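All remarks here apply to the structure that follows.
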Amino acid sequence: DYGITPGKSTREVLPPQIRSCKDETIVQHFVRGLFEGDGSLVLTRRGKFRISIVGTKELLEGVRNILTKYLGTNPAIKIAENDNSRKNHFYLAYGGNEQVKRIMRWVYNNPDLSLKRKYDRYLILEKS
């Protein structure tokens, strides 16, 4: 069983193995996988970077808790409804160049296993 099930996009939760994991490197790999699969790093019209991840509210609450635990990000960051036509579809977003850099440095702490186009986008952020 590889955990691939129909309709999983509306039922995803933070896996208990990640929630209880004591190895920060494994947690980083998990969050990087989420970001590279369902996340984005954009430059806003005001010249500020913004990172976001889409998923279920339950999954994103877990990601928010991870980022708060390891990076001290604001635990009150809102998880907002993403698309009214889809059940349980939300997004978690962080803005501000310094905060986004801190998150992305943590996510790409070990870039050997990463999606090239997402990692290249991160490198643009680092140069700004």
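The values are calculated or read from the model by the stated rules, or taken from the named source; none is laboratory data. A quick note: this is a predicted structure, and the numbers were derived from the prediction, not measured. Because the Cβ atoms are built from the backbone with ideal geometry, glycine has one as well, and the counts that use them run over all protein chains shown. With ligands, DNA and RNA removed, areas are computed over all heavy atoms of the protein, side chains included. Shrake-Rupley method; radii C 1.70, N 1.55, O 1.52, S 1.80 Å.
The table below lists the values:
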| quantity | calculated |
| --- | --- |
| Percent of alpha-carbon pairs separated by more than 18 Å within the chain | 53 percent |
| Size of electric dipole in the chain: Cβ of Lys, Arg +1 and of Asp, Glu -1, about Cα centre, debye, nearest 20 | 480 debye |
| Links that overshoot a 24 Å alpha carbon limit, given the list K48/K127; K48/K87; K22/K116; K69/K127; K69/K101; K78/K101 | K48/K87; K22/K116; K69/K127 |
| Sequence ranges 121-127, 32-38, 58-64, 93-99, ranked by mean other-Cβ count within 10 angstrom, highest first | 58-64, 32-38, 93-99, 121-127 |
| Solvent-accessible area per residue for the chain (1.4 angstrom probe, square angstrom) | 62 Å² |
| Choice from P75, P16, P111 showing the highest fluctuation, given a GNM over the chain with Cα pairs closer than 10 Å | P16 |
| Apportionment of accessible area to carbon and sulfur, the chain, percent (1.4 Å) | 51 percent |
| Relative contact order (percent, whole number), the chain, Cα cutoff 8 Å, 6+ residue spacing | 26 percent |
| Options G62, L43, F30, ranked by Cα towards positive dipole end of segment 18-128, top entry (Cβ charges) | L43 |
